[in-house]
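Down below is the structure, laid out as structure tokens.
The values are calculated or read from the model by the stated rules, or taken from the named source; none is laboratory data. This one's a predicted model, so the numbers in the text were calculated from it and none came from an experiment. Note: ideal-geometry Cβ built from the backbone for every residue, glycine included; neighbour counts use all protein chains shown.
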Amino acid sequence: MHVKELEIVGFKTFVDKVKLVFKPGITALVGPNGCGKSNVIDAFRWIMGEQNARNLRGKIMEDLIFNGSESRKPMSMAEVSMVLSNENGHRNSEDQVREIMVTRRLYRSGESEYFINKIPCRLKDIIELFLDAGVGLKSYSIMEQGRVDHILSLKPPERRVLIEEVAGIAKYRARKKEALSKIESTKQNVLRIRDILNEIQNQLAILEKQVKRLNRYRKIKDEIKETELYIAAHKLHDLKNAESKIRAELTALRDEEIRITAEKQSVEAAVIEQRVDLTETQRRSAELQNELYQIKNNITTQESRLTYNHKEVETITERLEKYAQKQAELNTELAVLIAEAKARREEVAALRAEIESNQKQYTNGTATVSTLTEQLAELRQRIDKEKSELIAIVTARTQIKNNMQLNLNMQREITQRLNRLSTEKGACEARLKEISHLTEAAEQRIKEIVASRADTETAISEHQQSIAKLSAALSEKEEILHELKDKTSIMRSRLTSLKELQANFEGFDEGVRAIMRRHEHSAVNENGVVGLFADFIETNPQYETAVESALERRLQSVIVHDYQNGFASIAYLKQSDAGRVSFIPLSPAPCGFETTETHDLSQQLISLASVIKTAPEYQHLVKALVGNVFVVENIEQALAIREALPKPASFVTQDGDIIDPAGVITGGSKRTASSGILQRNREIKQLTDELQHIEMRLNSVARERETMMQELGRLQDISESLICEKQELDITLFQQQTMLEKYTDETKQCREKLAVIHDEYESYARDLVSYQQELKELIIKEGSFKYSDDEMQEGLRILQQRELLLKEELKNAETTAVEVRVKLEVTQQRYENAINNLNMALETKTAAENKLTNLVREMEELRMQKEDLVRDISLTQENLHDLLARHDETDRRLKSELERAADLEKTLTAAETFLRSLQESKDTIEPRVHELDLNLREVLLRCEHLAEEITERYHCAIPPLEHVSSELAKFSLAENHEKLEKLRLRLENIGEVNLAAATEYDETKKRFDFLSAQEQDLTQSLDSLQRVIAKINRTTREKFQDAFNQVNTHFQEIFPILFQGGKAYLALTDESDLLETGIEIYTQPPGKKMQSLDLLSGGERSLTVVALIFAIFLTKPSPFCLLDEIDAALDDSNIERFNQHLKKMSTYSQFIMVTHSKQSMQAANTLYGVTMQEQGVSKIVSVELH
């Protein structure tokens, strides 16, 4: 994998989009200081996941966005994209791609976006992508300015990170940390079990003595078991059965509590995994919902476009129908005009034939007239002349009338067309005005929607920021709450165990238990018992063993008010046969030892009474019991002091060894019948105080957490409602924008149509004015012709009268000549009119044909538009069908993801329900255990009461039912009484006997074995984890040692090459501890002695680091390496050697370096110049050298 491209826009000084293409080999970035070269390296660091703005030479992340210059405005966003060549396939996917594009985007609002191949992802995914490729922010693949001094200034333990990167042992450290966490948890469980085992072991030691005593007791008791008290035996048997069941159930419940705790931890781990899976499923569901929303928007767009196209097709169809109707009208008109033209041609032909005939007749008539007398020739000529002029005037007047009629017809047609255009113009203007109002309303609505949408987005952003902050705070509270709950659970469990032992008077004799249980169930001060002596004293932990050893069984003494209360309690013990107890009366105070005068030994001796703390009213008891006991360091010191004292005294060491006044030495193991009582009381008090403090804090944190959860729920509800509101606004905005586009298109069409109407209207108006002017001229010309005609006709009448008078005899010839002449002229006039009518018909026909052609062309254009719209409708329908299919598929996938999420939620709910059931079971067990304790005490009390009744009556204990026989009936009553008295004497000689000692011993032993097995399992788990850690340590050592040796070897080889002599090597500060050892760098440049790194020059320091980096690269090459002015401190000769070695390594690694050295520029394959032609704005100029 190597870098192929880097695109930068808005990042620091790169305001415009810049694209750098990197090829294998060496790429150099050059340019003057301050032009932005290092910003390119910062862009690399940022795209690779850098989160600390200080490492990018800024205070906050927003400093990375272009902040403006004298000529440029600030940018609102910075974006960097890197294209990686993935030909080696570092991406774990089925369809491996050759290129991977990583994009990171930062907005000035603080929001960030991350993409891999343009797909949104997390920052963690980008970091893991580069880590998988062997490139990381903290690795040796990035060497920026100041890194040289940083590496050399590292302490040896910190410098080992470079070798660890090469060895790749970071994952082993994570595994080791996880194993250590498990070990700590297991150790806590082991400590808890061991505490319980220690208490049970103390009980076993006491019970073992009691069992031995019980065996002797039973041998005597067997001889008095045969009694006739069947009813009492039955009662006792039932009570014993109840006691056994309660004890068995109590033990089973405590074992069940341990099992439930283990199972709960297992289920909680499974719940965490299911929650992670549910979160991922919900993320995919959100992506599918977003995709579905986009598809719905596309469907709406396509449907709107389809509706618009259908309306356009309907409009064009209506126009085609109108044009077709108009075409039919034009065709009809054209047919009429063609028929009229044909008729005109026929008329012209007929008139031409008639003229030819008349001309022949006229020629014949002229020949006849010429024979008339010469007298009438002049008059004839004159008459002919006048007639010719009159005929010309009539012909001209006829022509003018025809032109006037044609002019009027054209004016009527133009007026009709102008009226029609005015109507269409009014309709278009009205529609345009209506569209203008609709457009203004739509624009106003869009502005309102955009403003509302901006406000909604702002509110969403604010709420999401609040939710993120509140969620982070809530997570912290939940972690604190979880830690407090765990701590509370551990402490409460320990306190409960200790209180159970204290409540059961574990470690005390059976007689003490009997007296204290009787005291608990009696009224206040009824029996005069104040309490246990051990409960009223306390001491420092270092003196607990000494106090317990000195007092020994007196710790189990019971404090009473006076001697009478003590005697009454002793009588009760005798009656119930419950054992022996020592009683200490408060008054009169017991006489103790006289305090021994220590004189000069006061500095060496510590009175045991002085280290015992108690209430003032009990202080005299302490002095009476241990007033003559002193604490010493060891037995030898006690013997030496004892000889110097005037009176005998007792001495006790902190380990519990004792010398009494008689010189008897007692010592050995610390375990005694009363051992641990003071420690237990002290621990109960400490745990109670700590637990109360932690529970108060737990309640406070829980209330804060509940308040935060309520606030978070409220903010999430508001955020969801705002998101829905934004989506609705987006839909409404799209609809309004679509309508606005439609109104804009319709406005454009209306304006184009108005322009066409306006052009046609002006053209027709000009034609109308022209025709009106022409009509006026024709009217004037017609008037002038009418006036000349009257004059001519008057002269012609005079001439005709004269002609009649002169040639009366020639009347027939003249009449014939005149008629033929007139007929010829009329025919000629009709011929001319027919020619004019034919031309007019042909012009009208041509105009109609032109209109028809234009109409056909417009209809063809409309049909083409209609076909385009039909094709677009078909294509839109296909797209709509594809979108609907995608919508269904996406909806199906979304439903599948939602169903999977629902299933996961159900599974999670079931698991949580199961957890709650486990907790409920545990909560149910605890009161049940307490209830069983009470029931057990009740059963024991009932046994005691029954025993008291039978003892008062028969002076013996009640035997079990199975041991009852009628053997005693064979003896007399006196013999039985005598035998019973002897047996009582023997029983009294035995002393205290615990009748349930054997059963208690077996049950306690069974529980001890069970917990021992649990301890063994946990110990084996610890051993297994220790082996795992040992294996991790072994692997870590091997990899670290191997990587160190390789790097050291390469370092020793490269250093002399770069320095042209000298030597250097790496050394471990502690070779015996490869897991924590540091690394020292020893260098000896040529001609110098071995010296400290601090004494090296700047160039030597740089070259040393270069040698170390090259050694690391030779050991574990990185896909690419960034070097920022690492050759700045080197001279020309060193730079040359540096470049030679860099070229060798560029065959398997890609190097991108920032440099000012010309030699380094010459060594590069590609050269990029960074300039700042515009102040504050960086530009890139590339040159490929090789």
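Out of Val1181, Val1170, report the one residue that is loosely packed, with under 15 Cβ neighbours inside 10 Å and assigned to a strand (DSSP E or B).
Details: Val1170 fails: loosely packed, with under 15 Cβ neighbours inside 10 Å.
Of Val1181, Val1170, the one residue that is loosely packed, with under 15 Cβ neighbours inside 10 Å and assigned to a strand (DSSP E or B) is Val1181.
Go through (1) modelled with pLDDT under 70; (2) assigned to a helix (DSSP H, G or I) one by one and return the number of the condition Glu809 breaks.
(2)
I need a count of the residues in the range 813-830 that are at pLDDT 75 or above and β-branched (Val, Ile, Thr).
The qualifying residues number 1.
Out of Ala328, Ala339, Ala349, Ala353, I need the residue that is modelled with pLDDT of 75 or more, surrounded by fewer than 13 Cβ atoms within 10 Å (Cβ to Cβ) and under 14 Å from Gln828 (Cβ atoms). Which one?
Answer to the selection: Ala353.
Considering each of Glu636, Glu617 in turn, give the residue that is loosely packed, with under 12 Cβ neighbours inside 10 Å, in the same structural domain as Ser557 (by TED's automatic domain parsing), charged (D, E, K, R) and modelled with pLDDT under 80.
Matching residue, one of Glu636, Glu617: Glu636.
Does the range 638-658 include one or more residues that are of a type in the set (Phe, Trp, Tyr), in contact with a strand residue (DSSP E or B) (Cβ under 7 Å, 6 or more places away or on another chain), free of Cβ contacts under 8 Å to residues at least 24 places away in the same chain and under 15 Å from Leu608 (Cα atoms)? Explain how you work it out, then say what you get.
So in the range 638-658, the residues of a type in the set (Phe, Trp, Tyr) come out as 651.
Right, trim to in contact with a strand residue (DSSP E or B) (Cβ under 7 Å, 6 or more places away or on another chain) and you get 651.
Going one step further and asking which of them are free of Cβ contacts under 8 Å to residues at least 24 places away in the same chain, we end up with 651.
Adding the requirement that they be under 15 Å from Leu608 (Cα atoms) leaves 651.
Yes: the range 638-658 contains one or more residues that are of a type in the set (Phe, Trp, Tyr), in contact with a strand residue (DSSP E or B) (Cβ under 7 Å, 6 or more places away or on another chain), free of Cβ contacts under 8 Å to residues at least 24 places away in the same chain and under 15 Å from Leu608 (Cα atoms).
Out of everything in the range 615-641 that is assigned to a helix (DSSP H, G or I) and among the β-branched types (Val, Ile, Thr), what residue ends up being farthest from the chain's Cα centre (by Cα)?
Ile641
Per-residue answers, yes or no, for (1) among the β-branched types (Val, Ile, Thr); (2) under 37 Å from the mean Cα position of the chain (by Cα):
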{"residue": "Arg682", "(1), (2)": "no, no"}
{"residue": "Thr688", "(1), (2)": "yes, no"}
{"residue": "Glu695", "(1), (2)": "no, yes"}
{"residue": "Leu698", "(1), (2)": "no, yes"}
{"residue": "Val701", "(1), (2)": "yes, yes"}
{"residue": "Cys724", "(1), (2)": "no, yes"}
{"residue": "Leu729", "(1), (2)": "no, yes"}
{"residue": "Leu740", "(1), (2)": "no, no"}
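Considering only the range 1066-1118, how many residues are touching a Ser or Thr at 6+ places or on another chain (Cβ under 7 Å) and under 25 Å from Met1161 (Cβ atoms)?
Adding up the residues that qualify gives 4.
Please work out which one of (1) closer than 30 Å to Arg259 by Cα; (2) at pLDDT below 75; (3) not β-branched (Val, Ile, Thr) is the condition Ser917 fails and give its number.
It fails just one condition, (2).
Residues being touching a Lys or Arg at 6+ places or on another chain (Cβ under 7 Å) and among the basic types (Lys, Arg): count how many of those fall in the range 398-411. Spell out the reasoning first.
Within the range 398-411, the first condition is being touching a Lys or Arg at 6+ places or on another chain (Cβ under 7 Å), and the residues that meet it are 400.
Right, trim to among the basic types (Lys, Arg) and you get none.
So the count comes out to 0.
Determine whether the range 278-289 contains at least one residue that is in contact with a Ser or Thr (Cβ under 8 Å, 6 or more places away or on another chain), of a type outside the set (Lys, Arg) and surrounded by 16 or more Cβ atoms within 10 Å (Cβ to Cβ).
Yes, the range 278-289 has at least one match.
When you go through Lys182, Lys177, Lys187 one by one, which is the residue that is basic (Lys, Arg) and without any contact (Cβ under 8 Å) to a residue 60 or more places away in the chain?
Lys177
Within the range 165-198, how many residues are among the acidic types (Asp, Glu) and buried (at least 18 other Cβ atoms within 10 Å of the Cβ)? Walk me through it before giving the result.
Taking the range 165-198 as the starting set, the residues that turn out to be among the acidic types (Asp, Glu) are 165, 178, 184, 195.
Checking the rest, the ones that are also buried (at least 18 other Cβ atoms within 10 Å of the Cβ) come to 165.
Here the count works out to 1.
Give the range 324-340 a look and list any residue that's without any contact (Cβ under 8 Å) to a residue 24 or more places away in the chain and among the hydrophobic types (A, V, I, L, M, F, W, C), or say none.
Ala328, Ala335, Val336, Ala339, listed by residue number.
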